[in-house]
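Colleague: Dumping the structure here so I can ask a few things about it.
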Amino acid sequence: MRKPREVFDRIAEWTSLAEFAGSDSAQTRFGLVYGRRRQGKSWLIERLTMQAKGWYWEAQQGTARQQLDAFAQQFQVWNELPAIPHFADWHAALEASWTARPPLLTIDEFQYLVASSPELPSLVQRRVSRRSDTRLLVCGSALGPMRQLIGPDAPLRGRASLELVVRPFDFRTAARYWQLERDWESAARLHALVGGTPAYLDFTGGRSPSTMSHFDDWVTDVLLNPTGALFREGRILADEPAVIDRSLYFGVLTAIAGGNTRRGQIAATLGRPENTLSHPLNTLIDLAMIDRVDDPLHQRRSTFHLTEPLLRTYASIIGPNERVIERRGSRSVWHSIRGTVESQIYGPHFESLARDWALAHASKETLGGLVTTVGPSVANSPTAKRELEIDVVATAGREVLAIGEAKWTKQIVGVNVLRTLELRRSLLGHGRANAKLLLFSSAGFSPEVEQEGKRRHDLELIDLERLYTGD
């Protein structure tokens, strides 16, 4: 099945879905598709189902009876029946569906059905265990309930031949999607503020920064427009239905957005004991709202980062200034906080892009080997009697392949930054003295640094163009 032209990118996702739907296996196959809202899951699976000449149905919240009646109405349309059938329960509905033998039956927002009919996974398990030409694809936006469908003790454990997580576009794909090729600085700024969620371009009415005379104009006229859909999207993202103690969870998100990425820092910001944060942190990880990033050099040490940049934008910019923006306008507010945005949003996000580049795009030649883990770390300085942060540490097992420094700045990076990175490498110990050095800069490098980059085999210089196009 050929990917429709209107589906942007998603090549790997479409290939997996097409292989699932087009398989000639006589055994009924069961597939799972899930991910946060706004990623285009329904857009993908609707078009897949159409090409497979199958049936697509999107469930709604309601009672089991309401959902069965809605399914029956769609069943009549699919089969061109003279009357709407009556299904006493989901056993009868599934029996009728399999008897009709659609090549592909796709049920979207499946978690709504399970919430009102907990027996449904067991019924599905019985159906997909039998030989049939029908393939069942279920999709959902509630990550926890969807993952539980194939959990350790779940009836459908081991039955799924496809488990596809639809994620936001990565920073390179997002730049193409927003038509910011070659304007890499704007692309990086945009990704820092709104991330790679496809629907957000629609939220702006198709107004990309590429259509504006200046990036700041897009921020004030589109992102910080109180009548625009993006303005309160961060609040909607944080208002997760599965979360009971909203104040605690939003407090954790706000703390992380403010740069408090370690467990102890988060606890201190909230004024709570550190040992009380395990549950809220793990819950936010399960909801794909934050990631735990392990320190490559120190066991049992990790930092926490927001997975959705718009959450940080809301917690750091929009939320605290919402009323002022509504009363005085966005331009005055943006002008007053622009310096803070540079240091608290653009800077940390550039560091995360540097780590993403090292993990996903840097070649073996660049890093000196095949990297397995990338994360931030620290080096202990006996002289300074403190820990010195390292933005990027790339390892292969226990071997440190490279360390890096990422500078989001308007000034070109000079030799002093390189010497500081060399110092950090020396503090890691003799066995790591050959680790390569990676310098990332948003503004470029001084002639002296460029000269060293040309003559040294242990130094790699990565500007924005190389970040977005090179390896």
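Colleague: Give, as residue ranges, the helices (runs of 4 or more DSSP H) completely inside segment 170-279 that count at least 1 residues that are farther than 19 Å from Phe304 by Cα and over 19 Å from the mean Cα position of the chain (by Cα).
Modeller: Numbers: elements: 171-177, 184-194, 199-203, 215-218, 233-238, 246-257, 263-270.
Here the list reads 184-194, 215-218.
Colleague: Within segment 10-25, can you find the residues that are open to solvent by less than 40 Å² (accessible area, probe 1.4 Å), of a type in the set (A, V, I, L, M) and either in a loop (DSSP other than H, G, I, E, B) or free of Cβ contacts under 8 Å to residues at least 12 places away in the same chain (or both)?
Modeller: Within segment 10-25, none qualify.
Colleague: Scan (1) touching a residue at least 12 places away in the same chain (Cβ under 8 Å); (2) among the charged types (D, E, K, R); (3) outside any helix (DSSP H, G or I) for the single condition Glu422 breaks and write down its number.
Modeller: (3)
Colleague: Within segment 291-348, take every residue that is under 24 Å from Thr197 (Cβ atoms) and of a type in the set (Asp, Glu) and give me the one that is most open to solvent (accessible area, probe 1.4 Å).
Modeller: Per the criteria, the residue is Asp291.
Colleague: Could I ask something else about it? Pairs please, first residue from segment 321-340 and free of Cβ contacts under 8 Å to residues at least 24 places away in the same chain, second anywhere and crowded, with 17+ Cβ neighbours inside 10 Å, Cβ atoms under 7 Å, 6+ apart in sequence or on different chains.
Modeller: Asn321/Val333; Val324/Val333; Ile337/Ile317
Colleague: Here is a follow-up. Which residues, counting only those in segment 76-109, are open to solvent by less than 30 Å² (accessible area, probe 1.4 Å) and either free of Cβ contacts under 8 Å to residues at least 24 places away in the same chain or at positive phi (or both)?
Modeller: First pass over segment 76-109, keeping only residues open to solvent by less than 30 Å² (accessible area, probe 1.4 Å): 87, 90, 93-94, 96-98, 102, 104-109.
Correct list: Phe87, Ala96, Glu109.
Colleague: Go through segment 133-169 and count every residue that is closer than 30 Å to His191 by Cα, more than 17 Å from the chain's Cα centre (by Cα) and among the acidic types (Asp, Glu).
Modeller: Residues in segment 133-169 being closer than 30 Å to His191 by Cα, more than 17 Å from the chain's Cα centre (by Cα) and among the acidic types (Asp, Glu): 0 in total.
Colleague: What number of residues within segment 26-62 are outside any loop (DSSP other than H, G, I, E, B) and farther than 11 Å from Leu104 by Cβ? Reasoning before the result, please.
Modeller: Within segment 26-62, the subset outside any loop (DSSP other than H, G, I, E, B) is 27, 29-34, 41-51, 55-58.
Next cut, farther than 11 Å from Leu104 by Cβ only: 27, 30, 32-34, 41-44, 46-47, 57-58.
Looking only at that region, the number is 13.
Colleague: Under 6 Å by Cβ, and 6 or more places apart or on different chains, what pairs join a residue from segment 402-416 that is outside any loop (DSSP other than H, G, I, E, B) with one that is open to solvent by 70 Å² or more (accessible area, probe 1.4 Å)?
Modeller: Final answer for the pair search is Val413/Lys407; Val415/Glu448.
Colleague: Name the pairs whose Cβ atoms lie under 8 Å apart, with the first residue in segment 299-315 and within 17 Å of Asp170 (Cα to Cα), the second open to solvent by 40 Å² or more (accessible area, probe 1.4 Å) and modelled with pLDDT of 95 or more, and 6 or more positions between them or separate chains?
Modeller: Short answer, once both residue conditions are applied: Glu308/Pro168.
Colleague: Could you please find all residues in segment 29-59 being polar (S, T, N, Q), out of contact with any strand residue (DSSP E or B) (no Cβ under 6 Å at 6 or more places or on another chain) and crowded, with 20+ Cβ neighbours inside 10 Å?
Modeller: Residues of segment 29-59 polar (S, T, N, Q): 39, 42, 49, 51.
Narrowing further to those that are out of contact with any strand residue (DSSP E or B) (no Cβ under 6 Å at 6 or more places or on another chain): 39, 51.
Hit for segment 29-59 is Gln39, nothing else.
Colleague: If you don't mind, another one. Go through Gly453, Gly375, Gly404, Gly429 for me and flag whichever is surrounded by 14 or more Cβ atoms within 10 Å (Cβ to Cβ) and over 24 Å from Arg292 (Cα atoms). Step through it out loud before you land on a result.
Modeller: On the way: Gly375 fails: over 24 Å from Arg292 (Cα atoms); Gly404 fails: over 24 Å from Arg292 (Cα atoms); Gly429 fails: surrounded by 14 or more Cβ atoms within 10 Å (Cβ to Cβ).
Selected residue: Gly453, the only one of Gly453, Gly375, Gly404, Gly429 that is surrounded by 14 or more Cβ atoms within 10 Å (Cβ to Cβ) and over 24 Å from Arg292 (Cα atoms).
Colleague: Now for a separate question. Have a look at Ala443, Ala384 and point out the one that is at negative phi, in a loop (DSSP other than H, G, I, E, B) and without any contact (Cβ under 8 Å) to a residue 12 or more places away in the chain. Lay out the reasoning, then the answer.
Modeller: Numbers: Ala443 fails: without any contact (Cβ under 8 Å) to a residue 12 or more places away in the chain.
Of Ala443, Ala384, the one residue that is at negative phi, in a loop (DSSP other than H, G, I, E, B) and without any contact (Cβ under 8 Å) to a residue 12 or more places away in the chain is Ala384.
Colleague: Among (1) in contact with a Lys or Arg (Cβ under 8 Å, 6 or more places away or on another chain); (2) of a type outside the set (Ser, Thr, Tyr); (3) more than 20 Å from Thr303 (Cα to Cα), there is one condition Ala379 misses while meeting the rest; what is its number?
Modeller: For Ala379, the failing item is (3).
Colleague: Could you check, for segment 28-38, whether at least one of its residues is under 29 Å from the mean Cα position of the chain (by Cα) and without any contact (Cβ under 8 Å) to a residue 60 or more places away in the chain? Talk me through it step by step, then tell me what you get.
Modeller: Filtering segment 28-38 down to residues under 29 Å from the mean Cα position of the chain (by Cα) leaves 29-38.
If we keep only those that are without any contact (Cβ under 8 Å) to a residue 60 or more places away in the chain too, we end up with none.
Scanning segment 28-38 turns up no residue that is under 29 Å from the mean Cα position of the chain (by Cα) and without any contact (Cβ under 8 Å) to a residue 60 or more places away in the chain.
Colleague: Here is a further query. Just to be sure, is Gln76 under 22 Å from Gln125 (Cα atoms) and either at pLDDT 95 or above or assigned to a helix (DSSP H, G or I) (or both)?
Modeller: Values: under 22 Å from Gln125 (Cα atoms): no; either at pLDDT 95 or above or assigned to a helix (DSSP H, G or I) (or both): yes.
No.
Colleague: How many residues, within segment 209-254, are within 22 Å of Leu277 (Cα to Cα), open to solvent by less than 80 Å² (accessible area, probe 1.4 Å) and of a type outside the set (Phe, Trp, Tyr)?
Modeller: Number satisfying all stated conditions: 11.
The values are calculated or read from the model by the stated rules, or taken from the named source; none is laboratory data. Since the model is a prediction, treat every value here as computed from it, not as a measurement. So basically every Cβ, Gly included, is an ideal-geometry build from the backbone, and we count neighbours across all protein chains shown. Side chains are part of the model used for accessible areas, which takes the heavy atoms of the whole protein and leaves out ligands, DNA and RNA. Shrake-Rupley method; radii C 1.70, N 1.55, O 1.52, S 1.80 Å.
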